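> Below is the structure I would like to discuss, written out as structure tokens.
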Amino acid sequence: MKSEEMLRLVNELGKAPKVALFSHVSPDGDCIGSMLALGLALESLGKEVEFYNPDPLPHNLTFLPGATRIRRAPAGKTAPALLLIDCADLARAGLKPDQVPGDTLLLSLDHHISNRHFAGVNVVDPEAAATGELVYQVVLELGVPLGRDIAMNLYTALVTDTGSFQYGNTSVRTHLIAAKLLETGLDLTYVHHQVFDQKPLAQVRLLQRALASLEPAYEGKFVLMTLTGEDFAACGAEDSLSEGLVNQARSIQGVEVAVLIREVEPGKVKLGLRSNLWLDVNEIAVRFGGGGHKRAAGCSMNLSVAEAKRRITEAVGEALQLGRSD
């Protein structure tokens, strides 16, 4: 993608002496890998860079070059240039409008179809398999060589958001970029081992409880899982360890839609929605103030687990009844 907005973004980054990079709540490999890769590239040009994410880093991403520099929130005034990476809106980065001064240069780099084009410059490409694809293009446009640290972060962004290049969002472009990243000499086996093969015991116990909560509906086309606050406490698990568990339900034969509801505090839940072949879960998530992609989306509800289950089950049922969306 080499659009007018992309060129504007590159130009603004080229002029800015200091940039603050923000990524989204409940961080994943794409938002963290993309943020770190771009930040390292900007630093190689002599710029001052700040890295922010409002939530703790998942255990399987702490190996990434630059990960220890990520802070939860700015201690004082942020840089005059703010770039939100992989965020559909300010709230996704844990920011409120009054936290962004009027003279701030606000930039957005994202691939979510639900992006609200909230910034002064918005580079949004829903056809990109990961925001990492867009960051790769920005790095090239900035004239920064692909070193192994940048490549490791970008490869992690790609491999996580494509499910190891298995999801339908994977394209020819995705594979071509991955090939260029591998040419830097990064250790593919090491990355895969860190991202996918190292699971804390608490996460396995959390999966056990999630699977025990399985509730199929609509002739097996929909499966719902729940994790309560008690589940997290009993497993000694933090919320980030629930990342990806919904895919266990999605893989059940005959399932088109899977949802994981997790209680983050009494009266507040987060939902992860996944579909297999045709149902647009982004449309469902948008109904509840969330968003994402056609096959992967999320939202939050200020409701009890029981009421959230009722509402999402009803919404999914309506979507399934409408039939195929493509």
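The values are calculated or read from the model by the stated rules, or taken from the named source; none is laboratory data. As the structure is a computational prediction, the values presented were derived from the model and not from experiment. Cβ sites come from the backbone with ideal geometry, for glycine too, and all protein chains shown count toward neighbours. Heads up: the accessible areas ignore ligands, DNA and RNA and are worked out on the full protein's heavy atoms, side chains in. Shrake-Rupley method; radii C 1.70, N 1.55, O 1.52, S 1.80 Å.
> Rounded if a/c is under 1.5, else prolate if a/b beats b/c, else oblate: with a ≥ b ≥ c from the C-alpha gyration tensor eigenvalues square-rooted, which is the range 74-227?
Judged from the Cα gyration tensor, the range 74-227 comes out oblate (a/c at least 1.5, b/c at or above a/b).
> Additional query: At 1.4 Å probe radius, can you tell me the per residue accessible area of the range 33-105 in Å²?
44
> Which angle between 0 and 90 degrees, to the nearest 10, do you get for helix 148-161 versus the longest principal axis of the chain when only C-alpha atoms count?
30
> A follow-up question, please. Whole-Hz ³J(HN,Hα) for each residue in the range 198-207, computed from phi via Karplus 6.51 cos²θ - 1.76 cosθ + 1.60 with θ = phi - 60°, x for glycine and proline: what do you get?
Calculated HN-Hα couplings, in order: 10, 10, x, 4, 4, 6, 5, 5, 5, 4 Hz.
> Please build a GNM for the chain, connecting alpha carbons under 10 Å apart, and tell me which residue among Leu154, Leu140, Leu241 fluctuates the most.
Judging by the Gaussian network model, the answer is Leu140.
> What value, in deg cm²/dmol to 500, does the helix sum -39500 (n - 2.57) over DSSP H runs of n ≥ 4 give at 222 nm once divided by the residues of the chain?
-11000 deg cm²/dmol
> Something else about it: Between Val159, Val100, Val191, where does the largest GNM mean-square fluctuation fall for the chain, given springs only between Cα atoms within less than 10 Å?
Val100
> To test your reading of the geometry: what angle, between 0 and 90 degrees and rounded to tens, separates the Cα axis of helix 131-141 from the longest principal axis of the chain?
Value to nearest ten degrees: 10.
> Could you go through the range 103-119 in sequence order and give the Karplus-derived ³J(HN,Hα) for each residue, using 6.51 cos²θ - 1.76 cosθ + 1.60 with θ = phi - 60°, rounded to whole Hz, and x for Gly and Pro?
So the J values, rounded to whole Hz, are 8, 6, 7, 9, 10, 9, 10, 7, 10, 7, 5, 8, 4, 9, 6, 8, 9.
> What GluC sites (Glu not before Pro) does the range 191-238 have in DSSP loop regions with at most 14 other beta carbons within 10 Å?
Glu219
> Roughly how far apart, in whole Å, are the Cα centres of the range 207-250 and the range 190-205?
Cα centroid of the range 207-250 versus Cα centroid of the range 190-205: 17 Å apart.
> For the chain, take the longest principal axis of its alpha carbons; what is the angle in degrees between that and the long axis of helix 4-15, to the nearest 10 within 0 to 90?
For helix 4-15, the angle is close to 60 degrees.
> May I pose another question? Keeping every protein chain in place, order Tyr52, Tyr190 by accessible area at 1.4 Å, biggest value first, i.e. largest first.
Highest to lowest solvent-accessible surface, that is Tyr190, Tyr52.
> Which FRET efficiency value, to the nearest 0.05, do you get for Trp278 and Ser44 by plugging their Cβ-Cβ distance into 1/(1 + (r/R0)^6) with R0 = 35 Å?
So, using R0 = 35 Å, E works out to roughly 0.20.
> Looking at the range 217-326 only, what percent of DSSP beta bridges run antiparallel? Nearest 5 please. Working shown, then result.
Details: 17 of 23 bridges.
Roughly 75 percent of the beta bridges in the range 217-326 run antiparallel, per DSSP.
> Then there's this: Hey, which lysines would be in cross-link range of Lys309, C-alpha to C-alpha under 17 Å, not counting anything within fewer than 8 residues on its own chain?
Candidates past the 8-residue exclusion: Lys221, Lys268, Lys270.
> Another question, then. May I ask what percent, to the nearest 5, of DSSP beta bridges between residues of the chain are antiparallel?
The antiparallel proportion sits near 40 percent.
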